[in-house]
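Okay, structure first, notes after.
Coordinate-derived values only; no laboratory data. Please read all numbers here as calculations on a predicted model, not as lab measurements. Backbone-built Cβ (ideal geometry, glycine too); neighbour counts: all protein chains shown.
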Amino acid sequence: MSDAYAEVESTENADDAPERFEPATMHGEMIEAEHLVRYAWATQFVAGARVLDAGCGMAYGSMMLADAGAAEVVGVDNDESVVASVREGMPPTVSLEVGDVTALSHDEASFDVVVCFEVIEHVPEPERVLDELHRVLRPGGLLVVSTPNRDVYTPGNPYHLRELTPHELQAALSERFRSVRLFRQHTWIASGIVDDEGFAAADHRVLDGVELRKIVPNEPGRETYSIGVASDSALAAAHGSLSLTDDAELRRWSEMWHEQRQAIEKRDDIAAEREALLAALRGELDQVRSQLFEGEFRLSRIAELEARAGTLEELLPELDRLTRMERDYEAVIESHSWRLSKPLRQAATLLRNRST
């Protein structure tokens, strides 16, 4: 990997570019493994080719493609400030442009390979992007495109306008290309044994002599991301790729789980106290109504009732805060990270049971 990759940094405000992967600030996280493994896998197709990186972002992937032997890489992104911030760090074989992937400035049949990762879900009509990418491909050229799988990816991302299912992606590509094949990108928890050299390896170095074994089956269509490979010529065989990230990700999941459990338990305690107060107030009100009806109401009970109501009002903001935490917790258990950490929670439960 090029040294320039490690030096890429963002000068933009995160709020101005939601979801943008920033290598300098997200190193060692699962999001880095997810983004970089796509480009690492795509490098097998680019030797000697003129490549378009459509939606290149901070161009870390463009550099990876160039390092893998692409003759030329053209990165296109619609964010002028991002392109300007990273342009100077590019190697000679990489050029960056500001442009719209639905209306590229390049002529027909300009590129041997086009990669477009995690872009089409951000546009209202993904088909327009596919049309444009097909237009700029040379006869027999190769398109590699990815999208989150709507059936599996955590719902509610406000920046995703239209996520495609694997079937939808395959159908859209088949309408434009004669040969289409889907690959499945997913995230697993791994445990491995390597020597000292392998243990110290970093920066997407390939580990020689490592056997990969998979324990749990997965049904095609249940992957988190779908990657389509398409061409008007026959498709060559392609190998898979796996990237390992920092085990601190597991610790973060564990800490998050315990923190959220404590929050929900506290919320339940507050809710119970709130219900008890409400029940007491209802009883007081019922008694007041009865006394009023019987003509035995005393002014002193009004002050007492108001004091109890004030106690409840002081408790309500705390209850509201904890209720929001409960909603956050529910979002966590629906998230991709929560599903991934299921083995961790099962192991923790097993250890607790053994200790008792």
Hey, can you rank 208-216, 153-161 by average C-beta count inside 10 Å, highest first?
-> 153-161, 208-216
Along the dipole axis of the stretch 27-141 (charges at Cβ: +1 for Lys and Arg, -1 for Asp and Glu; origin at the Cα centre), the most positive-end residue among 78, 114, 58 is 114
Label-point separation in nm, residue 31 to residue 100, each point 7 Å along Cα→Cβ | 2.8 nm
Note on the stretch 34-89: alpha-carbon gyration tensor, axes a ≥ b ≥ c; rule is a/c under 1.5 for rounded, else prolate if a/b larger than b/c, else oblate; result prolate
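Compare the peptides 115-121, 228-234, 218-224, 85-91 by average per-residue count of other Cβ atoms within 10 angstrom and give them in order, highest first.
Descending mean neighbour count gives 115-121, 228-234, 85-91, 218-224.
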Pull out the extension gain between residue 44 and residue 201, defined as 0.36 nm times the separation in residues minus the alpha carbon to alpha carbon distance; nm, one decimal.
-> 54.5 nm
Taking the Cβ-Cβ separation of residue 210 and residue 233 as r and a Förster radius of 45 Å, what is the calculated FRET efficiency to the nearest 0.05?
-> 0.85
Taking R0 as 22 Å and r as the Cβ-Cβ distance between residue 246 and residue 218, the FRET efficiency 1/(1 + (r/R0)^6), rounded to the nearest 0.05, comes to 0.40
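Order these peptides, 97-109, 169-181, by their mean beta-carbon neighbour count within 10 angstrom, highest first.
169-181, 97-109
Rounded, prolate or oblate: which fits the stretch 3-245 when a ≥ b ≥ c are the square roots of the eigenvalues of the alpha-carbon gyration tensor, with rounded for a/c under 1.5 and prolate only if a/b beats b/c?
rounded
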